[in-house]
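The values are calculated or read from the model by the stated rules, or taken from the named source; none is laboratory data. Quantities reported herein were computed from a predicted structural model and do not represent experimental measurements. For neighbour counting, all protein chains shown are included, and Cβ atoms are generated from backbone atoms with ideal geometry for every residue, glycine included. Keep in mind that these areas ignore ligands, DNA and RNA; they rest on the heavy atoms of the full protein, side chains included. Shrake-Rupley method; radii C 1.70, N 1.55, O 1.52, S 1.80 Å.
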Amino acid sequence: MKNIICDIDGVLMHDNTAVPGADGFIRRVLEQGNPLVLLTNYPSQTARDLHNRLAAAGIEVPEEKFYTSAMATADFLRRQDGTKAYVIGDGALTHELYQAGFTITDINPDFVIIGETRSYNWDMIHKAARFVAGGARFIATNPDFNGPNQSPACGALCAPIERITGQQPFYVGKPSSWIIRSALNHIGAHSENTVIIGDNLRTDILAGFQAGLETILVLSGVSTRDDIPKMPFRPNHVFKSVAEIDVF
């Protein structure tokens, strides 16, 4: 029985509406008993938030099946030296960092951590750049430049700090294989018996390829069939949507 890592937006959900057939797909996977993790690059919602969001759209998934880039960032930082962080991000990110034992501060932080927030401002940019230039390690939850409705995402918030300091952050989220390994650890799974389902060749499928997973591209989100020949790697399977997946 295969372990399943499944993206959320573009695969199961379009904004707050379920992709047709997504409810039946999740129900089938849970009934079969496949180890499952729903993995998202977006750090601004907790597992409970995501559970409620999908439930409102008719997709019932236990809260413990969700895993976010905020959770993976906290997992990464637990393995590093230092316990103080200057954070630009919403409550879901700071919650995970507090849970991991970090102190959120703007006094001599060991890390500058960027997630996503609507309250981004000049003072945040100035402090973050000053701390990074002074030796704080630069960490970001995900490299996406835009989110739903073209809202600025983490990569866009990191851009001015990168330009000021000349330093790039370590991006935890997809396509980094780190978040895949962290998600596998979350469900006690191994890459050789795991499949990843995603709608984006450059994030989901690339991350799976780099981590040695079997990959499934669904055409209900970002990438199209015409995009596949442009990439130096290929997904193992391509389906119109999760409603058609039958390879477990």
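A few remarks follow.
- Residue check for residue 159: without any contact (Cβ under 8 Å) to a residue 60 or more places away in the chain and outside any loop (DSSP other than H, G, I, E, B): yes
- Some residue of region 171-178 being charged (D, E, K, R), modelled with pLDDT of 95 or more and either over 23 Å from residue 90 (Cα atoms) or part of a helix (DSSP H, G or I) (or both): no
- Residue pairs whose Cβ atoms lie under 6 Å apart, sitting 6 or more positions apart in sequence or on different chains, and linking a residue in region 219-243 that is under 24 Å from residue 22 (Cβ atoms) and touching a residue at least 12 places away in the same chain (Cβ under 8 Å) to a partner that is in a loop (DSSP other than H, G, I, E, B) and open to solvent by 90 Å² or more (accessible area, probe 1.4 Å), are 219/240.
- Looking only at residues of region 89-110 that are open to solvent by less than 40 Å² (accessible area, probe 1.4 Å) and out of contact with any Phe, Trp or Tyr (no Cβ under 7 Å at 6 or more places or on another chain), we find that the one that is farthest from residue 164 (Cα to Cα) is 100.
- Of residues in region 127-156 being closer than 26 Å to residue 208 by Cβ and of a type in the set (A, V, I, L, M), the one modelled with the lowest pLDDT: 153
- In the set (1) loosely packed, with under 15 Cβ neighbours inside 10 Å; (2) without any contact (Cβ under 8 Å) to a residue 40 or more places away in the chain; (3) assigned by the TED database to the domain that holds residue 221, the condition left unmet by residue 193 is number (2).
- Residues considered: 17, 94. Of these, the only one that is of a type in the set (Val, Ile, Thr) and more than 30 Å from residue 240 (Cβ to Cβ) is 94.
- Among (1) among the aliphatic types (A, V, I, L, M); (2) surrounded by 23 or more Cβ atoms within 10 Å (Cβ to Cβ); (3) part of a loop (DSSP other than H, G, I, E, B) - the single one residue 222 does not satisfy: (2)
- Tally, over region 228-242, of residues that are in contact with a helix residue (DSSP H, G or I) (Cβ under 6 Å, 6 or more places away or on another chain) and either surrounded by fewer than 16 Cβ atoms within 10 Å (Cβ to Cβ) or closer than 16 Å to residue 25 by Cα (or both): 3
- Filter result for the condition that a residue is among the β-branched types (Val, Ile, Thr), under 22 Å from residue 87 (Cβ atoms), touching a Ser or Thr at 6+ places or on another chain (Cβ under 8 Å) and crowded, with 23+ Cβ neighbours inside 10 Å, over 179, 161: 179
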